[in-house]
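Only one structure is covered here, and it is reproduced in the block below.
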Amino acid sequence: MKRITSYLLISFLALLAGMEAHAQENRNRTLINAALHGWEYEIKAGFNIGGTSPLPLPAEIRSIDHYNPTLSVTIEGNMTKWLGERKEWGIITGLRLENKGMRTRATTKNYSMEIIGEDGNRLKGNWTGGVQTKVQNSYLTIPILAAYRASQRINVKAGPYFSYLMDGEFSGQVYDGYLRKDNPTGDRVNFNNGAIATYDFSNELRKFQWGVQVGMDWKAFKHLKIYADLNWGLNDIFVKDFNTITFAMYPIFLNVGFGYAF
């Protein structure tokens, strides 16, 4: 009899524990549904195509001889809150991990430059000749966008974005030319017959950047979207007191890819 009673007691306690767990699961599901109510969630993956450039091109840059956009990947998670009865307008925010890079070669004249010699010494002046540049920056970006549902399949969006530089590189080399030390009429230092000198302004990159984003999403299937976003930086990529490069440079990139909407 005691064994039966113990068995029934254990079974009853197990049943109560199961019922409590099920009730807690329902409560958690209700809380989650309440929190997510009215929001749409999406994950996106794509790549950036563009470059970091002065606007307009200054007289010191005579020609762009080569351009390579490199493979610059983006991964983003965002959420959209649609407003009003008709839900035509909404707000989008999220978090984006992205790379923005390029490789270029240009012909310049009197281009302000600070090169690093083989002995490690720095030499500043005005460069005339070839310049090869490598830019490879990684950002953590938060967009805050207004969205408009133009149709059942098409959404357009626009607004500011704010980026934090996690890792950055702006470096390169000069070749086939000469440097006028200190100013355009200073002593001439020649780099011919394959001689090169390097430069590196990575430590002068600005940590916080911002700009505007304009784009469009097209719903190809129920959950699959294809998107294109133009991201235009509005502040110089270099810190304020950096004056070796005498003009501001802005990151301008087109981000294209696909997204999965939940």
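The values are calculated or read from the model by the stated rules, or taken from the named source; none is laboratory data. Treat the numbers as computed from the prediction; the structure is a model and nothing was measured. Note: ideal-geometry Cβ built from the backbone for every residue, glycine included; neighbour counts use all protein chains shown. Note: accessible area is taken over every heavy atom of the protein model, side chains too, but ligands, DNA and RNA are not part of it. Shrake-Rupley method; radii C 1.70, N 1.55, O 1.52, S 1.80 Å.
Reported to the nearest whole Å, the Cα centre-to-centre distance from segment 36-96 to segment 190-240 is 10. Taking a ≥ b ≥ c as the square roots of the eigenvalues of the Cα gyration tensor of segment 139-230, is the shape rounded (a/c under 1.5), prolate (a/b larger than b/c) or oblate? It comes out prolate by the Cα gyration axes.
Would you work out the charge dipole size for segment 183-262 about its Cα centre, treating the Cβ of every Lys and Arg as +1 and the Cβ of every Asp and Glu as -1, and quote it to the nearest 20 debye?
Rounded to the nearest 20 debye, it is 400 debye.
Think of segment 41-154 as having a plus end and a minus end, set by charges on the Cβ of Lys, Arg, Asp and Glu; of 135, 84, 94, 84 sits farthest toward the positive end of this dipole.
Within the full protein context, the accessible area of residue 200 is estimated at about 70 Å² for a probe radius of 1.4 Å. Dipole magnitude for segment 116-262: about 820 debye, using +1 per Lys or Arg Cβ and -1 per Asp or Glu Cβ, origin at the Cα centre. Surface composition of segment 40-184: carbon plus sulfur atoms hold 57% of the accessible area, using a 1.4 angstrom probe and ignoring ligands, DNA and RNA.
The Cα atoms of segment 38-181 cover 67, 29, 21 Å along the three principal axes, with the biggest extent listed first.
Beyond 18 Å in Cα-Cα separation lie the following of the pairs 87/157; 100/124; 44/207; 157/207: 100/124; 44/207; 157/207.
The phi-based Karplus calculation (6.51 cos²θ - 1.76 cosθ + 1.60; θ = phi - 60°) puts the 3J(HN,Hα) values of segment 221-238 at 9, 4, 10, 9, 10, 10, 9, 9, 10, 9, 10, 10, x, 10, 10, 4, 6, 9 Hz, whole numbers, x for Gly and Pro. Compared with the direct C-alpha span, the chain from residue 142 to residue 181 gains 9.8 nm at full extension, assuming 0.36 nm per residue.
In this view, the solvent-accessible surface of residue 232, computed with a 1.4 Å probe and all protein chains in place, comes to about 90 Å². A straight chain from residue 62 to residue 228 at 0.36 nm per residue would run longer than the Cα-Cα distance by 56.6 nm.
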